[in-house]
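Asks: Once you've had a glance at the structure underneath, I'll fire off some questions.
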Amino acid sequence: MELLIEKIKNEGTVLSSSVLKVDSFLNHQIDPRLMDEIGKEFAGRFAHSGITKILTIESSGIAPAVMTGLRLNVPVVFARKRKSLTLVNDLITASVYSFTKEENSEISVSSHYLSEDDRVLIIDDFLANGQAALGLAEIANKAKATVAGIGILIEKGFQDGGSTLREKGYRVESLAIISSLENGLVSFEQPTTETKVELTR
Ligand code: G4P
């Protein structure tokens, strides 16, 4: 998706050979127009997948998930990472290992908002090792819902999340795939070409 790739080129900062900072439009400040376009793009890609529900995880997945839900006219459920005062009963949970934090955390969704009739589209901001997406898929599976697809804004193609999910048979649609962040340069994988851009900040 050219618009997202341009935004990354213009505003992204390479923090290390494995981490891209995009706080100005996704992880801290949010660009609503970009999120709207992203919602439109995912809605187009999954228009014929019979999606009945979007499933994401707090916090950065929520904005693009809501815009996608708006376009597909379906509700959006987000998994919680912490216990909530009101979310106490009938929880479906999954354990998610974070390679960055080197710890397991439990994510949860109320069983009231997912059922065996649902065809779920999982949306998340980054795909690194795929643990968050796998945890969300596990929750959908526990609810006996069908995972119809996984939509990712930024996939880091040099980490193994994408191949893990695709090998499991999931349809993964990533709007921007980064092939490398080495030497402060961001390289994008595209279906036919690969471009390299130097980020100055
Ligand atoms: P995984 O789910 O693919 O296995 O990812 P991992 O555990 O490595 O990532 C943990 C957190 O770091 C997630 O956000 C994920 O979105 C984010 N993340 C991973 N790689 C990058 C990166 O290169 N840049 C940025 N900006 N984020 C990255 P989180 O802690 O759940 O944060 P949030 O959703 O509350 O913002």
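The values are calculated or read from the model by the stated rules, or taken from the named source; none is laboratory data. On a predicted model such as this, the values are computed, not experimentally measured, just so you know. Every residue, glycine among them, receives a Cβ derived from its backbone with ideal geometry; neighbour counts consider all protein chains shown. Surface areas here come from the heavy atoms of the whole protein model, side chains and all, with no ligands, DNA or RNA. Shrake-Rupley method; radii C 1.70, N 1.55, O 1.52, S 1.80 Å.
Asks: Can you confirm whether region 28-46 contains a residue that is at pLDDT below 95 and open to solvent by less than 50 Å² (accessible area, probe 1.4 Å)?
Replies: no
Asks: So Glu102 passes all but one of these: (1) at pLDDT 95 or above; (2) within 14 Å of the ligand (Cβ to nearest atom); (3) at positive phi; (4) open to solvent by 60 Å² or more (accessible area, probe 1.4 Å). Which condition number does it fail?
Replies: Going through the list (1) at pLDDT 95 or above; (2) within 14 Å of the ligand (Cβ to nearest atom); (3) at positive phi; (4) open to solvent by 60 Å² or more (accessible area, probe 1.4 Å), Glu102 breaks only (1).
Asks: Does any residue of region 98-110 turn out to be in contact (Cβ under 8 Å) with a residue 40 or more places away in the chain, outside any loop (DSSP other than H, G, I, E, B) and either under 25 Å from His48 (Cβ atoms) or hydroxyl-bearing (Ser, Thr, Tyr) (or both)?
Replies: There is no residue in region 98-110 that is in contact (Cβ under 8 Å) with a residue 40 or more places away in the chain, outside any loop (DSSP other than H, G, I, E, B) and either under 25 Å from His48 (Cβ atoms) or hydroxyl-bearing (Ser, Thr, Tyr) (or both).
Asks: Could you identify the single residue in Thr93, Thr56, Thr68 that is in contact with an Asp or Glu (Cβ under 7 Å, 6 or more places away or on another chain), crowded, with 20+ Cβ neighbours inside 10 Å and in contact (Cβ under 8 Å) with a residue 12 or more places away in the chain?
Replies: Among Thr93, Thr56, Thr68, only Thr56 is in contact with an Asp or Glu (Cβ under 7 Å, 6 or more places away or on another chain), crowded, with 20+ Cβ neighbours inside 10 Å and in contact (Cβ under 8 Å) with a residue 12 or more places away in the chain.
Asks: Another one. Ile51: modelled with pLDDT of 95 or more, away from the ligand (no atom under 12 Å from the Cβ), open to solvent by less than 40 Å² (accessible area, probe 1.4 Å) and not in a helix (DSSP H, G or I), yes or no?
Replies: Against the criterion (modelled with pLDDT of 95 or more, away from the ligand (no atom under 12 Å from the Cβ), open to solvent by less than 40 Å² (accessible area, probe 1.4 Å) and not in a helix (DSSP H, G or I)), Ile51 qualifies.
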